[in-house]
Amino acid sequence: MRAGFTSLDREVVAELAVRGELPPWLSGTLVRNGPAKFESGDRSFRHWFDGQAMLHRFAFGGGRVAYRNRFLETPSLRSVRDRGRIAFGEFATDPCRSIFARLFARSATSANANVNVLLGDDRDQALTETPIAVRFDPDTLATVGLTPSDDTIAGQVTTAHPHVAPRTGDLVNYVLKFGRRSLYQVYRQRGDTRELLAAVPADRPGYLHSFAITERHVVLVVFPFVVNPMSFLLRGKPFIENYRWRPELGTRFVVLSQEDGSVVADGRTAACFAFHHVNAYDEDGRVVVDICSYPDASVVDALYLDRVRGGAELPLAFPTRYTVDLVGGAVRARRLADEAMELPRISYRAHNGREYRCAYGVGAHGNARHDFLNQLVKLDVRSGRTTTWHEPGRYPGEPVFVAAPDARAEDDGVVLSVVLDAAAGRSCLLVLDATTFTELARAEVPHAIPFGFHGQFAAR
Ligand code: CO
């Protein structure tokens with residue numbers, strides 16, 4: 001699977017050969033984001049998350065698929081590609097600088113937004129965990145510009161997983177501001193206007209890659225992978241290496257009211273770690289939060305490029321349901337299935353923040369830890385039943401669910417996944433029937449697409 005961690009320098013525009021039959025209703029574009037350049041001159045980035053951002057666009061219509069890919073033109077890329085120099089700090093790689101300068105090294109100016117995209121309303125942008133928006137043209141993928149937010153909700157860290165509030169349609173996210181008392185500043189955004197909803201203080205803030213939303217609540221799940229913000233000043237290490245695994249702290253569930261930002265419940269359970277929430281919803285007197293849960297944060301270390309390329313053991317996440325009592329804050333945990341699952345997606349528009357049944361993700365065939373993620377998984381969260389798609393030597397990425405226009409059932413639609421064929425050194429765009437989880441079609445890409453993170457589909 002090393003081709004998935006190899007730089008792709010080629011930018012192409014191509015009509016893809018399609019095998020099988022695409023549903024006639026499938027019309028729109030899938031834009032995916034992920035790292036595609038892992039070295040600069042003779043220096044290599046250290047971690048999968050450090051690679052320079054590339055966008056990939058698959059346009060569907062009339063049974064055909066058009067493809068193009070393009071690097072995000074950022075200050076970081078220009079330095080890496082044009083000057084052979086790593087000038088900005090990334091997740092786990094620092095530039096060579098004085099300790100004082102390192103404090104600011106992972107600032108918004110790097111703008112290597114390689115994690116996710118936000119589409120639509122003329123605000124197409126690439127997202128990362130520093131609070132900056134990198135706008136791009138949805139047709140050409142050309143970078144339009146960097147727009148740091150210019151209001152008072154300032155901070156150093158955010159998530160690349162904003163949510164749409166199910167009832168209001170507001171965009172919800174948080175910005176973490178480091179300080180003697182750090183603050184998770186949860187905000188909601190309508191148009192370009194952001195409003196602070198709540199500020200949750202923390203002495204030792206945790207690394208939170210995403211959060212949960214329901215119709216009435218926002219839930220911050222604070223895993224005990226925490227940082228003393230002073231260490232950014234004192235220790236001179238890359239961003240993530242300042243974080244420490246402190247299981248004795250347990251995992252904290254902070255349930256916030258979307259109405260007035262008040263803390264409705266604040267509970268703890270045994271230590272765990274996660275990047276991704278599957279979904280969450282309100283029930284009588286409690287909140288249900290489904291998470292792709294690891295026993296600890298060792299997965300962060302396992303994704304250093306030398307380890308993952310060398311076939312080191314990969315920690316696995318399992319879909320786990322946490323219920324938080326709104327009175328008393330008691331938290332209970334229950335594994336939903338014994339099938340590993342990461343990069344989870346749902347029928348978002350219809351079921352985000354609401355009761356649901358179907359989740360899609362990537363997994364590991366036979367829960368084996370010696371290979372990379374090599375299968376797609378569909379999970380029925382009610383019954384715990386799983387269905388998988390697996391072909392030897394193939395490595396699928398995040399499955400994006402697209403609902404059929406006249407969908408009657410939750411899983412009436414397709415799942416789109418970029419799959420690497422390791423032996424052929426090429427990727428394809430795989431289209432599965434989401435109901436049966438069987439192949440409808442695949443479109444061949446003329447090169448191997450490095451393993452990416454997230455993408456979004458827009459019907460346009
Ligand atoms: Co993510």
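Tabulated values for the structure
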{"quantity": "Dipole magnitude of the range 339-460, debye to nearest 20 (Cβ charges: Lys/Arg +1, Asp/Glu -1, about Cα centre)", "calculated": "220"}
{"quantity": "Computed magnitude of the charge dipole of the range 237-303 (debye, nearest 20; Cβ of K, R +1, Cβ of D, E -1)", "calculated": "400"}
{"quantity": "Leu196-Glu15 pseudo-label distance in nm [points 7 Å out on the Cα-to-Cβ vector]", "calculated": "5.5"}
{"quantity": "Where Ser383, Ser210 fall by accessible area, highest first, once all protein chains stay in place (1.4 Å)", "calculated": "Ser383, Ser210"}
{"quantity": "Probe 1.4 Å, protein heavy atoms only - accessible area per residue of the chain in square angstrom", "calculated": "39"}
{"quantity": "Solvent-accessible area of Leu127 with every protein chain in place, 1.4 Å probe, in Å² to the nearest 10", "calculated": "20"}
{"quantity": "Electrostatic dipole magnitude of the range 124-168 [Cβ: Lys, Arg +1; Asp, Glu -1; Cα centre; debye, to 20]", "calculated": "160"}
{"quantity": "Accessible heavy-atom area order of His56, His351, His390, highest first, probe of 1.4 Å", "calculated": "His390, His351, His56"}
{"quantity": "Chain lengthening between Arg307 and Ala459 when straightened (0.36 nm per residue, less Cα-Cα)", "calculated": "50.9 nm"}
{"quantity": "Charge dipole (the range 202-292, unit charges on Cβ, about Cα centre) - positive-most of His277, Phe239, Phe225", "calculated": "Phe239"}
{"quantity": "Residue-averaged [θ]222 nm for the chain, counting only DSSP H segments that reach four residues, each worth -39500 (n - 2.57)", "calculated": "-1000 deg cm²/dmol"}
{"quantity": "Carbon and sulfur %, accessible surface of the chain computed with the full protein complex present, 1.4 Å", "calculated": "48"}
{"quantity": "Full-stretch length increase - Arg235, Ala350 - with 0.36 nm per residue and alpha-carbon distance subtracted", "calculated": "36.8 nm"}
{"quantity": "Solvent-accessible surface (1.4 angstrom probe) belonging to His217, in square angstrom, nearest 10", "calculated": "10"}
{"quantity": "Amide H within-cut-off set for Thr130, under 5 Å, with H built and near neighbours excluded", "calculated": "Thr158"}
{"quantity": "Positive-end extreme of charge dipole, the range 2-459 - chosen from Val288, Val175, Asn116 (charges on Cβ)", "calculated": "Val175"}
{"quantity": "For the chain, with +1 on Lys and Arg beta carbons and -1 on Asp and Glu, the positive-most of Tyr395, Ile346, Ser76 along the dipole", "calculated": "Ser76"}
{"quantity": "Label-reachable residues, the range 241-282, where backbone N falls under 16 Å from a point 7 Å from Ala330's Cα toward its Cβ", "calculated": "265-270"}
{"quantity": "Set of lysines near Lys237 by C-alpha distance (under 30 Å), chain-local residues within fewer than 8 positions excluded", "calculated": "Lys37, Lys177"}
{"quantity": "Protein-only accessible surface order, largest first, of Met1, Met341, Met230 at 1.4 Å", "calculated": "Met230, Met1, Met341"}
{"quantity": "Cα centroid separation, the range 190-246 to the range 1-73 (Å)", "calculated": "30"}
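The values are calculated or read from the model by the stated rules, or taken from the named source; none is laboratory data. Model, not experiment: these values are computed from the prediction. All Cβ positions, glycine included, derive from the backbone under ideal geometry; neighbour counts span all protein chains shown. The accessibility values were calculated without ligands, DNA or RNA, using every heavy atom of the protein model including side chains. Shrake-Rupley method; radii C 1.70, N 1.55, O 1.52, S 1.80 Å.
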